[in-house]
Every structure is written in structure tokens, then in C-alpha cells.
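Please read the structure below before turning to the comments.
The values are calculated or read from the model by the stated rules, or taken from the named source; none is laboratory data. Not measured: the values here are computed from a predicted model. Reconstructed Cβ throughout: ideal geometry from the backbone, glycine too, with neighbour counts over all protein chains shown. Surface accessibility is based on the protein's heavy atoms, side chains included, excluding ligands, DNA and RNA. Shrake-Rupley method; radii C 1.70, N 1.55, O 1.52, S 1.80 Å.
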Amino acid sequence: LRALCRQRQHVLLGLGEDTVAVPIAKVERIVEIPAGALERAGRECFALVDGEPLLVLDLAERLGLAPPPPSAALPLVLAEVRGQRVGVRIERLAGQQEIYVKPVPPLLASARALAGMTVLGDGSPIFVLDLNQIV
């Protein structure tokens, strides 16, 4: 079983009552921007980060979850997604942890955004995301 699992450091991201994980190697850093700094252009959102316009993807929306409640500051995970630097909007940072990533069960294998799953120490299952598949 261990041969099928990979143990790596992950960032845990909170979305409402759900938690998902992203490999820390895929994360440049996490920043907070003022809610008013988000600009809409058609269906896409942008924000100035480090003086550059950055596409902002709402992770809850991309996963079909309830939108985060309005707040004064928006946490963004800065990452490279399909060769482009983007900000992934989350509700909260839920920690960092070294976890064993197990393959996704066959029933969920068609969900491309799921790169694997794990069970945290408290017994709660969480999914590991492939950010390249949320675009």
C-alpha cells in the first residue's frame, strides 16, 4: 500500500466547512489583498499583485461549492497554473502538513481536478487538488 502512496508537504486550504490540499511545491506564496482590489472583466477577475495584473480564480466556484462570505481581505494562493501565474482565491489558510497521498477511488477518477486523497489525523478525509485542472 505504501508503494501507491506519496508522502509530501501540502498546504491545507479552507473553503467553507471543506478543506482541500495542494502540494506546497506548486505554491509560490499566499497573500491577502483588499476585497476592493478585485476587478471584473467579463467572467474573469483580476487583481494587482506585485504591481502586475493577475488572473484570480475562485476555488470554491471552480469546485461547485458555496461562495465564501464577503470579507475585507481576500486570501490568494499564488501559483503557476498551466504556465501562467495566477491567484487562487480561498476562504482561509488551514495549515501545512506532510501527508500521504492515496489514489482517488475509481468512482471519482473522472474528476480531473482530484489528484489524490488522504485522511488527516483527526479522521477527516480531504482531497488533493491538481491546480492545472481547475481552469
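Does residue 32 satisfy the criteria of being open to solvent by 60 Å² or more (accessible area, probe 1.4 Å), closer than 19 Å to residue 130 by Cβ and part of a strand (DSSP E or B)? Against the criterion (open to solvent by 60 Å² or more (accessible area, probe 1.4 Å), closer than 19 Å to residue 130 by Cβ and part of a strand (DSSP E or B)), residue 32 does not qualify.
Please verify whether residue 93 is closer than 17 Å to residue 129 by Cβ and open to solvent by 90 Å² or more (accessible area, probe 1.4 Å), treating the condition exactly as stated.
Criteria met by residue 93.
Which residue pairs have Cβ atoms closer than 9 Å, lie 6 or more positions apart in sequence or on different chains, and pair a first residue in the stretch 73-84 that is touching a residue at least 60 places away in the same chain (Cβ under 8 Å) and in a loop (DSSP other than H, G, I, E, B) with a second residue that is open to solvent by less than 20 Å² (accessible area, probe 1.4 Å) and among the small types (Gly, Ala, Ser)? The qualifying pairs do not exist here. Has the stretch 89-98 got at least one residue that is more than 16 Å from residue 14 (Cβ to Cβ) and free of Cβ contacts under 8 Å to residues at least 40 places away in the same chain? Checked the stretch 89-98: no residue is more than 16 Å from residue 14 (Cβ to Cβ) and free of Cβ contacts under 8 Å to residues at least 40 places away in the same chain.
Remark: pairs (first residue in the stretch 47-59, touching a residue at least 24 places away in the same chain (Cβ under 8 Å) and open to solvent by less than 10 Å² (accessible area, probe 1.4 Å); second residue of a type in the set (Val, Ile, Thr) and not in a helix (DSSP H, G or I); Cβ separation under 6 Å; 6+ apart in sequence or on different chains) = 47/33; 47/56; 57/86; 57/88; 59/88; 59/90. Inspection of the stretch 1-11 finds a residue satisfying the criterion of being at pLDDT 90 or above, within 21 Å of residue 96 (Cβ to Cβ) and open to solvent by less than 60 Å² (accessible area, probe 1.4 Å). Identify all residues within the stretch 75-90 that are open to solvent by 10 Å² or more (accessible area, probe 1.4 Å) and not basic (Lys, Arg); write none if there are none. If the condition is that a residue be open to solvent by 10 Å² or more (accessible area, probe 1.4 Å) and not basic (Lys, Arg), then 75, 80, 83, 84 are the ones that fit.
Report yes if residue 67 is in a strand (DSSP E or B), open to solvent by 70 Å² or more (accessible area, probe 1.4 Å) and without any contact (Cβ under 8 Å) to a residue 40 or more places away in the chain, otherwise no. No; evaluated as a whole, the condition is false for this residue. The residue pairs whose first member lies in the stretch 1-16 and is within 14 Å of residue 89 (Cα to Cα), whose second member is modelled with pLDDT under 90 and loosely packed, with under 13 Cβ neighbours inside 10 Å, and whose beta carbons are closer than 8 Å, counting only pairs six or more residues apart or on different chains, are 16/66.
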